[in-house]
1. Has segment 13-23 got at least one residue that is closer than 21 Å to Gln178 by Cβ, surrounded by fewer than 24 Cβ atoms within 10 Å (Cβ to Cβ) and without any contact (Cβ under 8 Å) to a residue 60 or more places away in the chain?
2. Which count do you get for residues in segment 293-309 that are in contact (Cβ under 8 Å) with a residue 12 or more places away in the chain and either within 15 Å of Ser14 (Cβ to Cβ) or touching a helix residue (DSSP H, G or I) at 6+ places or on another chain (Cβ under 6 Å) (or both)?
3. Looking only at segment 90-116, how many residues end up being over 20 Å from Glu130 (Cα atoms), assigned to a loop (DSSP other than H, G, I, E, B) and open to solvent by less than 10 Å² (accessible area, probe 1.4 Å)?
4. Got a number for residues in segment 227-253 being surrounded by 15 or more Cβ atoms within 10 Å (Cβ to Cβ), under 21 Å from Leu21 (Cα atoms) and either in contact with a Lys or Arg (Cβ under 6 Å, 6 or more places away or on another chain) or among the hydrophobic types (A, V, I, L, M, F, W, C) (or both)?
5. Filter segment 256-277 down to the residues that are of a type in the set (A, V, I, L, M), in contact (Cβ under 8 Å) with a residue 40 or more places away in the chain and open to solvent by 10 Å² or more (accessible area, probe 1.4 Å) and list them by number.
6. In segment 68-89, which residue that is open to solvent by 20 Å² or more (accessible area, probe 1.4 Å) and hydrophobic (A, V, I, L, M, F, W, C) is nearest to Arg173 (Cα to Cα)?
7. Inspect all residues belonging to segment 149-167 and state whether any of them is of a type outside the set (A, V, I, L, M, F, W, C), in contact (Cβ under 8 Å) with a residue 60 or more places away in the chain and open to solvent by 30 Å² or more (accessible area, probe 1.4 Å).
8. Considering only segment 50-88, state which residues are assigned to a loop (DSSP other than H, G, I, E, B) and either among the small types (Gly, Ala, Ser) or under 20 Å from His30 (Cα atoms) (or both).
Amino acid sequence: MEQRHLGRTGLRVSRIGLGTLTWGRDTDEHDAAEQLKAFWEAGGTLVDTADVYGGGEAEYLLGQLVEGLVPRRDLVIATKAGSVADPYRRFDGSRGHLLAALDASLERLGTDYVDLWQLHAFDPVTPLEETLQTLELAVSTGRARYAGVSNFCGWQLAKAATWQLASPGARTRLASTQMEYSLLQRGVEREVLPAALDLGVGLLPSSPLGRGVLTGKYRTGTPADSRGASDLLAPFVEPYLDDPASRIVDAVATAADGLATTALQVALAWVRDRPGVVAPIVGARNAQQLTEALSVEALSLPDEICQALDDVSAPVHRYPDQDWSTL
């Protein structure tokens, strides 16, 4: 699998990442092991997790599989911290919480360091300088090799990345930002992606298949074994089952028919090769689904197909989302 640099850093990662959101919850140890092995054998290196996935079970399960199944040196392990189970405060970016969360993640993962440590979201209560100084401490003590953010809007990303760059050589620059990005969700193109491109921050798209909708599985109804049929995840899928989304899904299916491939591969290839994108994070129910996604390595969409998909899914850019000079 092709390797790409993560932002303007020396860290190289596979251009498809393996997501572990369902590990320890819907994905058991057997399925997780099959996925990790298939991913590694395909040349994949980037494995993304978080301290809250499965209540910590995703990290624990990954830690159990590393070394016994896949050498630690062959993986780029990325995890996140900052989300909290508190009805009054969804995110905690304080130094105390983040450092404690990192130490707990390392223990569950069974490793001395993570390759990429990400803030799960912006904390409006904690001063941003305190949060970013914690990233510095994690890197300087060797517990994290690189730092990134997740779910930061445009101004939040720009402020954080600029603060890190304000003292060249003294602070670790942000390597990445993880955001939802797909043909069904192109909101990052308004401000987040332009900021990331300008500041040299690599984009790691989550839900690159539109929460599964872009595979076409919902075109004739809701499969019984799908996320849309799950009481827990149905609200996650429902926003992408409206008429505008259906038109985009139909366009993807038409492109797939013309290229003699699958809708999944077309949708994944489109987002993988967008400007600023480093590695879409793909989550799968089983190894068979993951193998289909990984086979996208051999696919490059023709310019005409890319343009057609761009046109049918184009977000509306109006003032002040777009550069004034282009309006």
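The values are calculated or read from the model by the stated rules, or taken from the named source; none is laboratory data. Keep in mind that what you see is a predicted model, and the values were worked out from it rather than measured. No Cβ is skipped: glycine too gets one built from the backbone with ideal geometry, and neighbour counts run over all protein chains shown. Please note that ligands, DNA and RNA were not included when accessible areas were found on the heavy atoms of the full protein model with its side chains. Shrake-Rupley method; radii C 1.70, N 1.55, O 1.52, S 1.80 Å.
1. No: segment 13-23 contains no residue that is closer than 21 Å to Gln178 by Cβ, surrounded by fewer than 24 Cβ atoms within 10 Å (Cβ to Cβ) and without any contact (Cβ under 8 Å) to a residue 60 or more places away in the chain.
2. Residues flagged as in contact (Cβ under 8 Å) with a residue 12 or more places away in the chain and either within 15 Å of Ser14 (Cβ to Cβ) or touching a helix residue (DSSP H, G or I) at 6+ places or on another chain (Cβ under 6 Å) (or both) within segment 293-309 amount to 9.
3. Going through segment 90-116 one residue at a time, the tally reaches 0.
4. Within segment 227-253, residues that are surrounded by 15 or more Cβ atoms within 10 Å (Cβ to Cβ), under 21 Å from Leu21 (Cα atoms) and either in contact with a Lys or Arg (Cβ under 6 Å, 6 or more places away or on another chain) or among the hydrophobic types (A, V, I, L, M, F, W, C) (or both) number 3.
5. Of everything in segment 256-277, those that are of a type in the set (A, V, I, L, M), in contact (Cβ under 8 Å) with a residue 40 or more places away in the chain and open to solvent by 10 Å² or more (accessible area, probe 1.4 Å) turn out to be Leu259, Ala263, Leu264, Val277.
6. Per the stated criteria, the residue is Val84.
7. Checked segment 149-167: no residue is of a type outside the set (A, V, I, L, M, F, W, C), in contact (Cβ under 8 Å) with a residue 60 or more places away in the chain and open to solvent by 30 Å² or more (accessible area, probe 1.4 Å).
8. The answer is Ala50, Glu67, Gly68, Leu69, Pro71, Leu75, Gly82, Ala85.
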